[in-house]
Amino acid sequence: MNELALFLSAFLAATILPFSSEVAFIAALANDMNPLSAIFFASCGNILAITLNYWFGYWLYDKTKTKLERSKTGTKSLKYGHKYGYYILLFSWLPIIGDPLTLVAGVLRLKFVWFVIVAGGLRVTRYYLLTLVV
């Protein structure tokens, strides 16, 4: 049951809802959950949620494409996003700003495989580093 709670907490934390997966993760470790299990379930929940964010952004692109291309700011944003999008994903693990960046990755239509490798890998790394601290 603790695994499911950790999975759900990590999932909700990677959406726009104000949740903190780190608190749940540390609590799971404090309650003697196996660190590898904790990393696995928290990472799976988080990666599933950022994948959902990506696909929402991908869908939003069709809805906003003409508006973005008509606007000078929108055109400039798309240009910078395509140029620096994968570098911006390096900040996707951060609380508060990271989750919207995963949505923007979908809007920019960054390659999904690279998105999962970069953003997902950083999520796993964050939980691993937390186990070292706790």
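Annotations for the structure displayed:
- In the chain, the DSSP-assigned H stretches of four residues or longer account for a calculated mean residue ellipticity at 222 nm of -25000 deg cm²/dmol, using -39500 (n - 2.57) per stretch and the full residue count as denominator.
- Here the Debye sum runs over all C-alpha atoms of the stretch 77-134 as equal scatterers in vacuum, and log10 of I(q)/I(0) at q = 0.13, 0.15, 0.24, 0.27 Å⁻¹ comes out as -0.33, -0.43, -0.91, -1.09.
- Karplus-based coupling profile of the stretch 71-84, in residue order and whole Hz: 8, 5, 5, x, 5, 5, 4, 4, 4, 5, x, 5, 6, 10, with θ = phi - 60° in 6.51 cos²θ - 1.76 cosθ + 1.60 and x standing for Gly or Pro.
- A crude spin-label estimate for the pair Y80 and W59, with each label 7 Å from Cα along the Cβ direction, gives 2.8 nm.
- Length gained on full extension, R70 to T131: 17.2 nm, using 0.36 nm per residue less the C-alpha separation.
- Note on the chain: Lys pairs 8 or more places apart or on different chains, Cα atoms under 16 Å apart, count 6.
- Two-decimal ratio, the chain, of alpha-carbon radius of gyration to 2.2 N^0.38 Å: 1.14
- Whole-Å semi-axes of the ellipsoid equivalent to the stretch 1-54 (Cα gyration tensor, √5λ, descending): 19, 11, 7
- Peptides 12-24, 100-112, 39-51, 75-87, ordered by how many other C-beta atoms sit within 10 Å of their residues on average, highest first, read 39-51, 100-112, 12-24, 75-87.
- For the stretch 40-90: rounded, prolate or oblate by the Cα gyration tensor [a/c cutoff 1.5]: oblate
FYI, it's all coordinate maths here, none of it is from the lab. Predicted model only: the values in this text are computed from it and were never measured. All Cβ positions, glycine included, derive from the backbone under ideal geometry; neighbour counts span all protein chains shown.
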